[in-house]
1. For Arg86, what is the net charge nearby, where nearby means another residue's Cβ is under 14 Å from its Cβ and Lys, Arg count +1, Asp, Glu -1?
2. Taking Cα centroids, how far is the range 19-37 from the range 47-85 in Å?
3. Compute the Rg/Rh shape ratio of the range 2-102: radius of gyration over Kirkwood radius, all on alpha-carbon atoms.
4. Under a point-charge model restricted to the Cβ atoms of Lys and Arg (+1) and Asp and Glu (-1), what is the dipole moment magnitude of the range 2-102 relative to its Cα centre, in debye to the nearest 20?
5. Please compute the contact order of the chain in relative form: average sequence separation of alpha-carbon pairs under 8 Å and at least six residues apart, divided by the residue count, as a percent.
6. Using a 10 Å cut-off around each Cβ, can you sort Arg86, Arg21 from fewest to most neighbouring Cβ atoms?
7. State the number of lysine pairs found in the chain whose Cα atoms come within less than 28 Å, restricting to pairs 8 or more positions apart or on distinct chains.
Amino acid sequence: MYAVIATGGKQYRVSEGTVLRVEKLQADAGAAVEFDQVLLVANGDQVAVGKPTVQGSKVTATVQKHGQGDKVSFVKFRRRKHYMRRGGHRQEYTEIKVTGIVGA
């Protein structure tokens, strides 16, 4: 059994026991979270596709940890104009482990 959920502007295919990194969630480590934006639920050859979400379905997960991704550096440069800016960014994430899928 697997499902496709939407969180943080992205879509993820998850099954029970899956560990994945999503955009930062406002939950403490060890807390349980629910995702109710389930776009698809499949159990064997039975597939339920939502319009846009599957009614009555949800995915539960536990928060394992929070962290920051690798640094992404960027440079803005204009030749012959005495202009150069350097910067960097580290995106925050939440690592979750899927504990259950309730399909409709």
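Every read-out reported here was derived from the displayed coordinates using simple, explicitly stated rules and does not represent laboratory data. Quick caveat, the model's predicted, so the values are computed rather than measured. Glycine gets a Cβ as well: all are built from the backbone with ideal geometry, and neighbour counts include every protein chain shown.
1. Details: positive: Lys71, Lys76, Arg78, Arg85; negative: none.
Within the 14 Å Cβ shell, the charges total +4.
2. Value for the Cα centre distance between the two parts: 14 Å.
3. Details: Rg = 18.6 Å, Rh = 15.6 Å.
Value, to two decimals: 1.19.
4. Numbers: 17 positive and 9 negative charges, 282 e Å.
Using Cβ point charges on Lys, Arg, Asp and Glu, the range 2-102 gives about 1360 debye.
5. Values: 238 pairs, mean separation 34.2, N = 104.
So the answer I get is 33 percent.
6. Numbers: Arg86 9, Arg21 15.
Listing Arg86, Arg21 from fewest to most nearby Cβ atoms yields Arg86, Arg21.
7. So the count works out to 18.
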